[in-house]
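The values are calculated or read from the model by the stated rules, or taken from the named source; none is laboratory data. Just so it is clear, the model here is predicted, and its values are computed rather than measured. Glycine gets a Cβ as well: all are built from the backbone with ideal geometry, and neighbour counts include every protein chain shown.
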Amino acid sequence: MTPDSHAPAAAHPAPIAHHVRVYKSADTPPRQELLAWKLAEAALDDAPLDDDVATMIVNRVIDNTGVAVAGLLRRPVANARAQARAHGHAGGATVYGLPSSVRVHCEWAAWANGTAVRELDFHDTFLSADMNHPGDMIPSIVAVGQQCGASGADLMRGIAAAYEISGSLTKGIALHTHRVDHLLHIAAGMVAGIGAMLRLPTPILYQAINHAVHVTLTTRQSRKGEISTWKANAPAHAGKLAVEAVDRAMRGETSPAPIYEGDDSILAWILDGPEAAYTVHLPARGASKRAIMETYTKAYSAEIQSQAWIDLAFRLRPRIADLAEIAKVEIITSHHTHRIIGSGSGDPQKYNPGATRETLDHSLMYIFTVALQDGRWHHIDSYAPERARRADTVALWRKVGTVEDAEWDRRYHHPDPNRRAFGGRVVITLHDGRVIEDEIEVADAHPRGARPFVRENYIEKFRALAGLHATAAEQDRFLDAVLALPGLPPGALAALNVEVPGDLLADAGLMPGLFERQG
């Protein structure tokens, strides 16, 4: 077995099913029976990491960092960095792009670095009953680890716990069907990861989970219609709230509970109502945390459910001699894909040549069109305004639509993660009546895809992205540090930062906010 294999090294105990429902206040069970307590216990269970899990954690830190460095000059990232710099703290955490001697309070490092990681929509994902980008959790855990003097092994324990808790919730409780954003699940994961890294007592972590879930509830309007720059800030804000929740709980403060089962809770009033019932599977005591192995990264800077479709467009391109001969493109896919990034969203902005990058990133019709025309995908060029407005692109784009299909939806939600499919079938009709059809189950970079990502691919992706701004020597220094992550001693996590030449950063041209004003 290679270190990058997604297959477990040995048999593992079956996960434990925790049945979650709403209770009237007078009937609330003891807190040790509540989901937030069970999440805390699972996070804090100090089972050893499997070798392939440890390898994948390092891969994802590499992946996050390359994506973050590539986005450093974009305005939302620069603004978040400027806000963080206004909250300096000598014993704090580092900020991507800045020298490691510059330190800020860890919650603000979580904000700045989380925004950098999310900006290009180019890191990892998990698709199940709900969906999220679990790599969004890593910046907050790293920031706290830097400020608290954690070791590399501590950080890895925290990241494994974060993925496990977030993944278990994502598989067990669907938020999207109620138009609730996935931040609830990653907020719980961030808190769990911080708690596991610091080895907090279960009662403290329980309170912090209740707090973070309570304050992180947001709607999916942030991913609807004309999508704003907040999409990059949203998980970073959840990270900031997670850090604050842990800090408050460590001080002995309590939080709204039970946040899941209460009769005025999220389940009762926001999700499926007072008759709600869910099952969340958590690892048995002593079982390795393997949820990260069910996630995968992106080969392209585009919404995750578009990844397979980009690969399919590349594959179809040689079969169509003249794209102008296309009369209609019908993409047959799952409910989530159709409703979130497809024509089933009902968002006219997804066909608007003047739409924001964030909106184009969530338009499967646009993405498929450009991939079919160009045979490549680039995190900047493919979204350039002049690219989106090209006449032949607009003409073809408006011929593309999506259709929800029950079978592809069933495959999307298959209980066996090794059989889930996140693609679909495409039917292209030409003006002369000929039909070209093909289908794809998963993206090529997926563990079951044609070219699964392994360590070499993560490093290649990092070099391509970080190399846009960081020197070769700085890239080498970072890679040496992260590849040694399991053995980094306490207080050495600042080595996970990447500095870029100061004259590249555009902070001086930003509009000032409150934090720069003096009385």
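Condition first: charged (D, E, K, R) and not in a helix (DSSP H, G or I). Now tell me which residues in region 67-94 satisfy that.
Taking region 67-94 as the starting set, the residues that turn out to be charged (D, E, K, R) are 74-75, 81, 85.
Correct list: Arg74 only.
Take the conditions free of Cβ contacts under 8 Å to residues at least 40 places away in the same chain and surrounded by 24 or more Cβ atoms within 10 Å (Cβ to Cβ) and apply them to Val104. Does it pass?
Working: free of Cβ contacts under 8 Å to residues at least 40 places away in the same chain: yes; surrounded by 24 or more Cβ atoms within 10 Å (Cβ to Cβ): yes.
When the stated conditions are applied, Val104 passes them.
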Given (1) aliphatic (A, V, I, L, M); (2) surrounded by 19 or more Cβ atoms within 10 Å (Cβ to Cβ); (3) modelled with pLDDT of 95 or more, where does Leu120 come up short, assuming only one miss? (3)
Search region 125-167 for residues being surrounded by fewer than 24 Cβ atoms within 10 Å (Cβ to Cβ) and of a type in the set (Asp, Glu), and hand back the single one that is farthest from the chain's Cα centre (by Cα). Asp154
Among all residue pairs at least 6 apart or on different chains, which show Cβ distances below 6 Å where the first residue, located in region 372-384, is more than 16 Å from Ala324 (Cα to Cα) and the second is aliphatic (A, V, I, L, M) and not in a loop (DSSP other than H, G, I, E, B)? Trp377/Ile310; Trp377/Ala371; Ser382/Val370; Tyr383/Leu360
Can you say whether Asp311 is of a type in the set (D, E, K, R), under 25 Å from the mean Cα position of the chain (by Cα) and surrounded by 23 or more Cβ atoms within 10 Å (Cβ to Cβ), as far as the supplied structure shows? yes
Against the condition modelled with pLDDT under 95 and among the charged types (D, E, K, R), how does Glu474 come out, does it pass? no
Conditions: (1) within 28 Å of Val69 (Cα to Cα); (2) in a loop (DSSP other than H, G, I, E, B); (3) in contact (Cβ under 8 Å) with a residue 60 or more places away in the chain. Gly354 meets all but one. Number of the miss? (3)
Filter region 461-511 down to the residues that are without any contact (Cβ under 8 Å) to a residue 24 or more places away in the chain and either farther than 22 Å from Ala82 by Cα or among the acidic types (Asp, Glu) (or both) and list them by number. Gly467, Ala472, Ala473, Gln475, Asp476, Arg477, Asp480, Ala481, Asp503
Residues that are in a helix (DSSP H, G or I) and either within 17 Å of the chain's Cα centre (by Cα) or without any contact (Cβ under 8 Å) to a residue 40 or more places away in the chain (or both), drawn from region 248-275: Trp269
Given the conditions (1) surrounded by fewer than 19 Cβ atoms within 10 Å (Cβ to Cβ); (2) in a loop (DSSP other than H, G, I, E, B); (3) assigned by TED's automatic domain parsing to the domain that holds Asp405, and given that Ala287 satisfies all but one, which numbered condition is not satisfied? (3)
Any idea which of Ala291, Ala277, Ala308, Ala242 is in contact with a Lys or Arg (Cβ under 8 Å, 6 or more places away or on another chain) and of a type outside the set (S, T, N, Q)? Ala277
Could you please let me know if Leu267 is hydrophobic (A, V, I, L, M, F, W, C), crowded, with 23+ Cβ neighbours inside 10 Å, in the same structural domain as Lys38 (by TED's automatic domain parsing) and in contact with a Ser or Thr (Cβ under 6 Å, 6 or more places away or on another chain)? no
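Matching residues to (1) outside the structural domain of Leu312 (by TED's automatic domain parsing); (2) within 18 Å of Ile340 (Cα to Cα); (3) touching a Pro at 6+ places or on another chain (Cβ under 7 Å); (4) not in a helix (DSSP H, G or I):
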residue: Arg376; (1), (2), (3), (4): no, no, no, yes
residue: Glu386; (1), (2), (3), (4): no, no, no, no
residue: Ala421; (1), (2), (3), (4): no, yes, no, yes
residue: Val426; (1), (2), (3), (4): no, yes, no, yes
residue: Thr429; (1), (2), (3), (4): no, no, no, yes
residue: Arg451; (1), (2), (3), (4): yes, no, no, yes
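Out of Arg199, Arg220, Arg179, report the one residue that is over 23 Å from the mean Cα position of the chain (by Cα) and surrounded by fewer than 24 Cβ atoms within 10 Å (Cβ to Cβ). Please lay out each step first, then the result.
On the way: Arg220 fails: over 23 Å from the mean Cα position of the chain (by Cα); Arg179 fails: over 23 Å from the mean Cα position of the chain (by Cα).
Exactly one residue qualifies, and that residue is Arg199.
Would a scan of region 391-409 turn up a residue that is basic (Lys, Arg), without any contact (Cβ under 8 Å) to a residue 24 or more places away in the chain and outside any strand (DSSP E or B)? Talk me through it step by step, then tell me what you get.
Narrowing region 391-409 to residues basic (Lys, Arg): 398-399.
This time we only want the ones that are without any contact (Cβ under 8 Å) to a residue 24 or more places away in the chain, so: none.
Looking through region 391-409, none of the residues is basic (Lys, Arg), without any contact (Cβ under 8 Å) to a residue 24 or more places away in the chain and outside any strand (DSSP E or B).
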Yes or no: region 235-254 includes at least one residue that is closer than 20 Å to Asp181 by Cα, crowded, with 16+ Cβ neighbours inside 10 Å, in the same structural domain as Ala129 (by TED's automatic domain parsing) and modelled with pLDDT under 90. no
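Yes/no matrix, rows are residues, columns are (1) out of contact with any Ser or Thr (no Cβ under 8 Å at 6 or more places or on another chain); (2) at pLDDT below 95; (3) among the small types (Gly, Ala, Ser):
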| residue | (1), (2), (3) |
| --- | --- |
| His431 | yes, no, no |
| Glu439 | yes, no, no |
| Pro447 | yes, yes, no |
| Leu485 | yes, no, no |
| Val498 | no, no, no |
| Met511 | yes, yes, no |
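Is it true that Arg419 is surrounded by fewer than 18 Cβ atoms within 10 Å (Cβ to Cβ), at pLDDT below 95 and among the basic types (Lys, Arg)? Steps first, please.
Details: surrounded by fewer than 18 Cβ atoms within 10 Å (Cβ to Cβ): yes; at pLDDT below 95: yes; among the basic types (Lys, Arg): yes.
In short, yes.
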I'd like to verify a number: residues in region 410-434 that are free of Cβ contacts under 8 Å to residues at least 12 places away in the same chain and farther than 11 Å from Ile326 by Cβ, how many? 6
The one condition in (1) touching a strand residue (DSSP E or B) at 6+ places or on another chain (Cβ under 9 Å); (2) at pLDDT below 95 that Glu358 fails to fulfil: (1)
Reported set for region 178-229 where residues are touching a strand residue (DSSP E or B) at 6+ places or on another chain (Cβ under 9 Å), part of a loop (DSSP other than H, G, I, E, B) and β-branched (Val, Ile, Thr) is Thr218
